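The values are calculated or read from the model by the stated rules, or taken from the named source; none is laboratory data. Just so it is clear, the model here is predicted, and its values are computed rather than measured. No Cβ is skipped: glycine too gets one built from the backbone with ideal geometry, and neighbour counts run over all protein chains shown.
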Amino acid sequence: MDSIIFEDKNFEFGIESGVGVRETPWKSFAVKSKRYSNAEKYAVRVYLEQSYEEFRGTPVEFEVMEIGVNFHGCSSIDVQTQTVSEYIQTLNEAVAFAERVQGYFESKGMKVPFTNK
């Protein structure tokens, strides 16, 4: 991540960039789960669906199309009251973080819907 716009104990939202195919420089927004966080432990992810861009050698900036929360850790957790409670809390925190990211885009005049696939 090149720069972090904001973060909490599970996630960070920022900008990343690099050089892709045909030496095409690219730049995009990103949300990452923090290492050793509950989000990583329970495979809870906040994602940004972004536009598809062709790498032709000229700089590319990806457009964010939608925001969502994805989770895969439910089948791998030990079913105990504390663990389930922690998992549900992590899901709620992911939704709150996604809504905060959506608010950031709205403050910049961008309409980015919150959806889940």
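Counting just the residues of the range 35-47 that are part of a strand (DSSP E or B) and out of contact with any Gly (no Cβ under 7 Å at 6 or more places or on another chain), which one comes out surrounded by the most Cβ atoms within 10 Å (Cβ to Cβ)?
Going through the qualifying residues, I end up with VAL46.
Tell me, which residue of the range 59-117 that is modelled with pLDDT of 90 or more and over 19 Å from the mean Cα position of the chain (by Cα) is surrounded by the fewest Cβ atoms within 10 Å (Cβ to Cβ)?
Applying the filter and picking the extreme gives GLY109.
Looking at (1) under 16 Å from VAL101 (Cα atoms); (2) in contact with an Asp or Glu (Cβ under 9 Å, 6 or more places away or on another chain); (3) not aliphatic (A, V, I, L, M), which one does GLU53 not meet, given that it meets all the others?
(1)
Within the range 12-34, how many residues are of a type outside the set (Gly, Ala, Ser), buried (at least 16 other Cβ atoms within 10 Å of the Cβ) and in a strand (DSSP E or B)?
6
Just to verify a result, which residue in the range 9-28, among those that are touching a residue at least 40 places away in the same chain (Cβ under 8 Å) and under 12 Å from the mean Cα position of the chain (by Cα), is nearest to VAL84 (Cα to Cα)?
The qualifying residue nearest to VAL84 (Cα to Cα) is ASN10.
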